[in-house]
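The values are calculated or read from the model by the stated rules, or taken from the named source; none is laboratory data. This is a predicted model, so every value here is computed, not measured. A quick note on method: Cβ atoms are made from the backbone with ideal geometry, for glycine too, and the neighbour counts reach across all protein chains shown. Note: accessible area is taken over every heavy atom of the protein model, side chains too, but ligands, DNA and RNA are not part of it. Shrake-Rupley method; radii C 1.70, N 1.55, O 1.52, S 1.80 Å.
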Amino acid sequence: MITDMQRTVQAREIAEELRMQVTSGRAQHYWDLPVERALHQMLGDLVSLRLWAQIDWYGPLEQWRAPEHEVSDIMFNGPPTDPIFVIQRGVMMNTGCPVHPEWIAFIQRQLLLRAGRLDPAGDGIWSGPEAQGVADRLRYVITAPPYSRGGPTLAIRMLPERWRSLDDLVQGTTITREASDLLLIALRHEASILVAGATGSGKTTLAAGFTQELGKTQRLVFVEDGGELPRTTNSVHLDVLGSSEEFTRAIRLTLRQKPNFVIVGEVRGGEAIALLQAASTGHPGIGTIHASDVQTALRSLERNAMIGLAAQASGGGAAAAAIVRSLITTISLIIVHIGKAPSGRRAVLAVEEVLIAGNQGQSGDKFPTNPLFRYDTTRDQLVRVGNVQGAWGNGKY
């Protein structure tokens with residue numbers, strides 16, 4: 001009977017052989033063949049599911065995973081005759097790479113195996129219709145028919161081997177030293193930060209910069225549905241799949257684990273209410289949200305929190321809206337908007353604190369904010385435009 005040690009050694013040898021064939025260019029002749037036939041020609045034998053769960057290898061994707069290719073995303077849209085698309089150096093490209101449909105199913109299965117979402121002792125069949133997570137620094141969203149009627153799909157973001165620190169981001173002019181220092185002071189005074197921006201704007205990278213810096217001295221508990229943010233010295237990572245109720249339960253669990261900060265990856269649903277409730281009980285947090293500006297971020301936070309609150313209370317309406325608005329405008333909350341500067345580079349474009357207002361205003365109204373930094377297009381840089389009015393720094397910063 002093969003021991004775990006022998007299996008690990010065998011998996012390492014297989015991975016080395018497969019990578020060598022990709023690096024040498026030999027593997028490119030196999031991508032248009034059925035998987036079993038291709039693997040027989042590459043390895044001479046079949047590999048068990050239990051062994052595949054230990055092998056960091058994804059077939060046709062391997063030719064773009066090396067850092068020197070500067071590929072950030074890999075996508076396949078479903079129809080078997082479609083090519084694979086990649087984003088390379090920021091540009092969407094058609095690879096023209098012919099891939100047998102069986103390889104897409106293989107990649108999906110391998111992602112689920114490596115992420116621990118598929119039992120290697122089972123039959124290895126994934127029926128879908130959708131799944132997401134992180135495996136081997138690959139943040140994936142996959143679908144299968146009938147969810148995607150054209151066929152199985154892939155949308156993969158390759159996470160960095162080394163996350164950029166706040167110092168890196170300052171040196172790269174994504175954020176100024178003054179803004180970075182003030183935001184760290186705010187966090188250490190128990191303010192919460194929501195990083196807003198469009199897809200690919202650098203939200204996760206900036207949030208990771210904050211968590212890495214805080215993680216040097218603070219205990220962080222991460223609650224994510226993809227688990228992409230990097231670990232810190234004293235951190236717990238909870239991976240939540242499913243409904244906002246699961247997020248809420250996970251947040252309640254984190255509050256019993258002595259966190260200094262609760263980190264909710266991307267806020268795009270009912271988890272918003274969990275983040276706000278944690279902050280209101282003295283557990284500040286960091287999250288990201290898809291939004292084009294500060295007010296859009298706050299309205300999206302409000303809308304998502306109302307969804308979560310309605311799910312908790314099996315209702316909604318004016319009472320839920322008042323509760324949510326009161327939470328947003330009574331905690332110490334700062335919105336950091338990141339996007340593309342006129343020069344085309346990623347940069348923080350605005351930093352605004354939400355002003356204390358209780359439950360004043362109605363759902364959809366503009367939130368009262370105090371701008372602290374704004375991007376000056378004439379000077380092509382982020383500049384200070386106001387002083388802190390929140391209780392944590394009023395009269396000091």
List the chymotrypsin sites (Phe, Trp or Tyr not before Pro) within the stretch 126-182 that fall in a DSSP loop (any state other than H, G, I, E or B) and whose Cβ has at most 13 other Cβ atoms within 10 Å. Tyr147
Going through the stretch 154-228, which GluC sites (Glu not before Pro) have at most 12 other Cβ atoms within 10 Å and a DSSP loop state? Glu161
Computed for the stretch 58-201: size of charge dipole around the Cα centre, +1 on C-beta of each Lys and Arg, -1 on C-beta of each Asp and Glu, debye to nearest 20, value 100 debye
State the extension gain, in nm to one decimal, for the chain segment bounded by Arg50 and Arg268, taking 0.36 nm per residue of separation less the distance between their alpha-carbons. 75.0 nm
Assign unit charges at the C-beta atoms only (+1 for Lys and Arg, -1 for Asp and Glu), then state the dipole size of the chain relative to its Cα centre in Debye, rounded to the nearest 20. 900 debye
Counting only protein heavy atoms, what percent of the accessible surface of the chain is carbon or sulfur at a 1.4 Å probe? 49 percent
Note: Leu355 to Gln6 extended length (0.36 nm per residue) minus current alpha-carbon separation gives 119.6 nm
Among the aspartates and glutamates, select those whose C-alpha is under 16 Å from the C-alpha of Lys258, and discard any that sit fewer than 8 residues away in the same chain. Glu190
In nanometres, what is the gap between the two model label sites at Asn234 and Asp376, each 7 Å from Cα along Cα-to-Cβ? 4.0 nm
Compute the Cα gyration tensor for the stretch 193-241, then decide on rounded, prolate or oblate, letting a ≥ b ≥ c be the square roots of its eigenvalues: rounded whenever a/c is under 1.5, prolate when a/b is larger than b/c in the other cases, and oblate in all that remain. oblate
What full-extension length gain, to one decimal in nm, is calculated for Thr199 and Arg37 as 0.36 nm per residue of separation minus the Cα-Cα distance? 54.5 nm
Classify the stretch 180-277: rounded, prolate or oblate, from the alpha-carbon gyration tensor (a ≥ b ≥ c, eigenvalue square roots; a/c under 1.5 rounded; otherwise prolate if a/b is larger than b/c)? oblate
Over the chain, with the other protein chains present, what is the accessible area per residue in square angstrom, probe 1.4 angstrom? 46 Å²
Output the 0 to 90 degree angle, nearest 10, between the alpha-carbon long axis of helix 203-214 and the longest principal axis computed from the alpha carbons of the chain. 70 degrees
0 to 90° range, to nearest 10: angle between helix 4-24 axis and the chain longest Cα axis: 90 degrees
Assigning unit charges at the beta carbon (Lys, Arg +1; Asp, Glu -1) and nothing else, what dipole magnitude in debye, to the nearest 20, does the stretch 42-108 show about its Cα centre? 60 debye
For the pair Asn77 and Arg252, how long in nm is the line joining their label points, each one 7 Å along Cα→Cβ? 4.5 nm
Relative to the longest principal axis of the C-alpha atoms of the chain, give the angle of the C-alpha long axis of helix 294-313, reported between 0 and 90° and rounded to the nearest 10°. 80 degrees
Percent relative contact order of the chain, based on C-alpha pairs within less than 8 angstrom and at least six residues apart? 11 percent
